C-alpha cells in the first residue's frame, strides 16, 4: 500500500494481497483522521458483504471467493466510542457482468484498488439507535 496526502485529500493505492480495512485503518491512524468520506474502485477476492435486515437487526453475510471487480466502494470514517470507525458499502461485478453489493466486512485486493479519502475538519461521533439497531451519526451541536 502507498498513499499521498494533498491537504484534505488522501489518495491510496492498494496492491495485490492488501486487505481493505487493515489498509484504511493504517492510513487513518497514521494521518490522525477523525472524519472523512471514502470512494474507490479496483478488484478483489475473498470478499465478505452483508445485507442488514432491519426486521431482525442483524447482518445476513455472504462470502465471495472469486475475483470480482469493485465498481464502487463508498463510505465514511467517523468515531465510535472514541475509536475510528469505518462504514463501507461496495458494489461488485462478476465475469458475467452481474452486479451486486452490500455492507463490506472484508475484501482482499487481487490486482489493484484506488481509494480517496476526503478528510473533514469536523469530528462526527456515532451513537446507538434503538430503532435501527446500529450506531449512527450523532450530529447534535453541543
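Since every read-out is calculated from the coordinates, none of them should be taken as a lab result. Bear in mind the structure is a predicted one, so any value in this text is a computation, not a measurement. Counting neighbours? That spans all protein chains shown, and the Cβs are built from the backbone with ideal geometry, glycine included.
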Spin-label pair residue 61/residue 19, simplified geometry with 7 Å Cα→Cβ offset, distance in nm: 1.1
Restricting to Cα pairs below 8 Å that are 6+ residues apart, what does the relative contact order work out to for the chain? Please round to a whole percent. 32
If each residue's Cβ is checked for other Cβ atoms within 10 Å, how do 104, 41, 136 rank with the fewest at the top? 136, 41, 104
Quickly estimate the mean residue ellipticity at 222 nm for the chain, helices only: each DSSP H run with n ≥ 4 gives -39500 (n - 2.57), and the total goes over all residues, rounded to 500. -2500 deg cm²/dmol
Measure out, as a whole number of angstrom, how far apart the alpha-carbon centroids of the range 1-50 and the range 107-142 sit. 13
Placing each pseudo-label 7 Å from Cα in the direction of the beta carbon, residue 53 and residue 120 end up separated by a distance in nanometres of 3.2
Quick one: 135, 95, fewest Cβ neighbours within 10 Å first, how do they rank? 95, 135
Among DSSP bridges having both ends in the chain, what percentage is antiparallel? Round to the nearest 5. 95
